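The values are calculated or read from the model by the stated rules, or taken from the named source; none is laboratory data. Bear in mind the structure is a predicted one, so any value in this text is a computation, not a measurement. No Cβ is skipped: glycine too gets one built from the backbone with ideal geometry, and neighbour counts run over all protein chains shown. Note: areas computed on protein heavy atoms with side chains; ligands, DNA, RNA excluded. Shrake-Rupley method; radii C 1.70, N 1.55, O 1.52, S 1.80 Å.
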Amino acid sequence: MDRKFGIEMEIVGIDRQTALQALRAIGVSVQDEDYNHVTRAHWKLVSDASVYSGFEVVSPILRGEAGLEEARAVATALDDAGATANRSCGLHVHFDARDLSAGDIRTIVRRYARHEAEIDAFMPQSRRRNNSTYCRMVADFLDARFENARTIEEMVSMQPGRYFKINLQSFPRYGTVEFRQHSGTVNAAKVVSWVRFLGDFIEACKSLNAPADAPAIGHPELRGVQAALATMFTESRVVQLDAMCERFNWLPHTGRAAITRLRRA
């Protein structure tokens, strides 16, 4: 993963001074600050009214694998210091979205809504469906107006607030898309796995909107569907029909017909 991101970890169980000492002990630059939404070059501890008897640990801009390792180290240090999370806590992840088109953003929202029940299944009950007022269902604002929006700004204006599992309201100010669904945690494996999952999800959505005539990397002699299929088979020797249908927005019979044509070619 190479995309820029930032995390907000809502925690309880320890005070700020303990958190400062734990993070500074592993060489992390961190400051205790008043409540703010300013992006810093260092980690910061800030209050959060939605967290009962706790506070929020906010990262600077992180990037790719190095950023994941830094997030892992911070989560581990907080865990070792005695930090925990309760039902009021969440793990929020911002991803840099300035390279994404309106079509990419629409696909991200649409696919998340399509698979929302599956994503809910690996969350605790408190973070499923509309059980939390701070991360409501994406499907609740995915309507015809959103589908017909031509710009990201129009999509942002059609989302009634930021308390959804995908928050677009951060885009005008920070150029990011925020994912708010994950429950609070200081389990480093959960933090890293969730960020990596979301990063892969974004890249998969972005690839769905790639120009059909663009040559696939590693297959310059092929174009369009043939090039994209060649890339899929390079990444995995076995590609299921439903994966092809999702990639190209095919119905099953269209996918089978395309495979038949490719075999003949």
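Miscellaneous remarks
- Residue match in segment 90-103 (condition: in a loop (DSSP other than H, G, I, E, B) and in contact with a strand residue (DSSP E or B) (Cβ under 6 Å, 6 or more places away or on another chain)): yes
- Restricted to helices (runs of 4 or more DSSP H) entirely inside segment 168-265, those with at least 3 residues that are farther than 23 Å from SER101 by Cα, of a type in the set (A, V, I, L, M, F, W, C) and at pLDDT 95 or above are 188-208.
- Counted residues, segment 1-27 - those being in a loop (DSSP other than H, G, I, E, B), surrounded by 13 or more Cβ atoms within 10 Å (Cβ to Cβ) and within 24 Å of the chain's Cα centre (by Cα): 2
- If you go through segment 51-64 and pick out every residue that is open to solvent by less than 30 Å² (accessible area, probe 1.4 Å) and on the phi < 0 side of the Ramachandran plot, you end up with 9.
- Members of segment 116-154 found to be open to solvent by less than 70 Å² (accessible area, probe 1.4 Å), closer than 24 Å to GLU246 by Cβ, part of a loop (DSSP other than H, G, I, E, B) and modelled with pLDDT of 95 or more, listed by number: MET123, ARG128, MET137
- Hey, ALA73 in contact (Cβ under 8 Å) with a residue 40 or more places away in the chain, open to solvent by 40 Å² or more (accessible area, probe 1.4 Å) and either among the aliphatic types (A, V, I, L, M) or in contact with a strand residue (DSSP E or B) (Cβ under 7 Å, 6 or more places away or on another chain) (or both) or not: yes
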